[in-house]
Amino acid sequence: VFTKAKRSEVTSRIRGRGNRDTELRLIAIFRDHGITGWRRHRPVFGRPDFVFPKFRVAVFVDGCFWHGCPQHYNAPANNAAFWWKKQAANRRRDQLVNRTLRKSGWRVLRIWEHSLTGNGHSVAARVRRLCGVS
């Protein structure tokens, strides 16, 4: 419908607003499993989706498409070079965030979007283990 230049202009104006559905699903898992002490929107490097300040645990919910899930990522056929470069940059950024937080004494948990399906027992167990709570 648009020329390449017009499409570029239109898409450049779209701003991300987080991963609301996956975050809400993780909140539901936390509540179902009695996990407390988490906070959202804390000013921590890398902007984690959830933070457990008492335990210095940062939780990120990584979307399968945007973070290049090894099980579910399917690169778009159009503009393949752009998407390959984008995925590589996202992975480098994730590694930098992990490394920086760990050097600052934080523990980092990355949860794939696809692992939020079902009852969430495995996700809850990982969070509890990292926070040292049974």
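The values are calculated or read from the model by the stated rules, or taken from the named source; none is laboratory data. A quick note: this is a predicted structure, and the numbers were derived from the prediction, not measured. Methodologically, a virtual Cβ is constructed for each residue, glycine included, from the backbone with ideal geometry; neighbour enumeration extends over all protein chains shown. Accessible surface areas use protein heavy atoms only, side chains included; no ligands, DNA or RNA. Shrake-Rupley method; radii C 1.70, N 1.55, O 1.52, S 1.80 Å.
State whether the residues of region 76-85 include one that is open to solvent by 90 Å² or more (accessible area, probe 1.4 Å), aromatic (Phe, Trp, Tyr), outside any helix (DSSP H, G or I) and more than 19 Å from ALA125 (Cβ to Cβ). Looking through region 76-85, none of the residues is open to solvent by 90 Å² or more (accessible area, probe 1.4 Å), aromatic (Phe, Trp, Tyr), outside any helix (DSSP H, G or I) and more than 19 Å from ALA125 (Cβ to Cβ). Residues in region 57-75 that are surrounded by fewer than 16 Cβ atoms within 10 Å (Cβ to Cβ) and over 17 Å from ARG92 (Cα atoms): GLN71, HIS72, ASN74, ALA75.
One residue stands out among those in region 2-19 that are open to solvent by 100 Å² or more (accessible area, probe 1.4 Å) and modelled with pLDDT under 75: the one that is farthest from the chain's Cα centre (by Cα), which is ARG13. Considering region 103-134, and only residues there that are aliphatic (A, V, I, L, M) and either out of contact with any helix residue (DSSP H, G or I) (no Cβ under 7 Å at 6 or more places or on another chain) or part of a loop (DSSP other than H, G, I, E, B) (or both), the residue that is farthest from GLU23 (Cα to Cα) turns out to be VAL133. Quick check on my filter: what residues within region 22-44 are in a helix (DSSP H, G or I), in contact (Cβ under 8 Å) with a residue 12 or more places away in the chain and loosely packed, with under 13 Cβ neighbours inside 10 Å? Within region 22-44, ALA28, ASP32 qualify.
Here ASN90 fulfils each of the conditions (1) open to solvent by less than 40 Å² (accessible area, probe 1.4 Å); (2) under 27 Å from GLY132 (Cα atoms) apart from (2).
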